[in-house]
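See structure below.
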Amino acid sequence: MNENLFTSFITPMMLGLPLVTLIILFPSLLFPTPNRLINNRLISLQQWALQLVSKQMMSIHNTKGQSWTLMLMSLILFIGSTNLLGLLPHSFTPTTQLSMNLGMAIPLWAGAVITGFRNKTKVSLAHFLPQGTPTPLIPMLVIIETISLFIQPMALAVRLTANITAGHLLIHLIGGATLALTNISTTTALITFVILILLTILEFAVAMIQAYVFTLLVSLYLHDNT
């Protein structure tokens, strides 16, 4: 057991070079391009899941919004696969790094906002001032709405980082407690081991849910601006 709980979140290095790029590219190997007339079960399940998610997520968009479908589906696949990859032993989860999540959230948010200002300038500006606002409150509400707009990408990144990091820390703590209790009380160790298994199953669900939530919020920001 490592003394530092955050050792697993340190970027892995080999020969002085960071391995983040290779780790980020690795999940793409898990989604092969189908080249057969009849697909196997794995590819069929993958295509069914993508069609289900894309239909549910993009049905609210107009033609301009639906042009983002490929990018949003690639985003949910990338986040989901990297989250699941981090649950493997001796692995690294890139989505626990706030800098990386901000690197995904800020360009997508900025693209949606710029699209809104280009295509629906009046409607986008109207969001800064709700209808029927009393005149003395106009400056304050404009400032509040502006701040809330710029907080959106930060909220996206922090939400993903906090949920993934918290789950990994809990697994680390309970796993260490299980090892420590093995020599003290076998019954208590078995109970904590069962809790660890249940928590691991929950983390698998959280990994997929957080990928869906991140992409869904980007989709909603896009919907408000198209």
Point to revise | Residue under evaluation ILE201, criteria (1) touching a helix residue (DSSP H, G or I) at 6+ places or on another chain (Cβ under 7 Å); (2) assigned to a helix (DSSP H, G or I); (3) not basic (Lys, Arg), criterion not met | key: (1)
Check your understanding: Can you pull out the residues in the range 149-186 that are small (Gly, Ala, Ser) and in a helix (DSSP H, G or I)?
Key -> ALA155, ALA157, ALA162, ALA166, GLY167, GLY175, GLY176, ALA177, ALA180
Review point. Does LEU222 satisfy being modelled with pLDDT of 85 or more, aliphatic (A, V, I, L, M) and touching a helix residue (DSSP H, G or I) at 6+ places or on another chain (Cβ under 8 Å)?
Key: yes
Review point. Just wondering, is there one or more residues in the range 101-118 that are surrounded by fewer than 17 Cβ atoms within 10 Å (Cβ to Cβ) and under 17 Å from VAL206 (Cα atoms)?
Key: no
Check your understanding: Looking at VAL142, is it in a helix (DSSP H, G or I) and either touching a Lys or Arg at 6+ places or on another chain (Cβ under 8 Å) or surrounded by fewer than 16 Cβ atoms within 10 Å (Cβ to Cβ) (or both)?
Key -> yes
Check your understanding: When you scan the range 181-208, how many residues do you find that are exposed (fewer than 15 other Cβ atoms within 10 Å of the Cβ) and either without any contact (Cβ under 8 Å) to a residue 40 or more places away in the chain or within 30 Å of SER67 (Cβ to Cβ) (or both)?
Key -> 16
Check your understanding: Is it the case that ASN163 is open to solvent by 50 Å² or more (accessible area, probe 1.4 Å), within 17 Å of the chain's Cα centre (by Cα) and of a type in the set (S, T, N, Q)?
Key -> yes
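The values are calculated or read from the model by the stated rules, or taken from the named source; none is laboratory data. These numbers were taken from a predicted model, which means no experiment stands behind them. FYI the Cβ positions are ideal-geometry reconstructions off the backbone, even for glycines, and counts take in every protein chain you see. We work out accessible area using only protein heavy atoms, side chains counted, and drop any ligands, DNA or RNA first. Shrake-Rupley method; radii C 1.70, N 1.55, O 1.52, S 1.80 Å.
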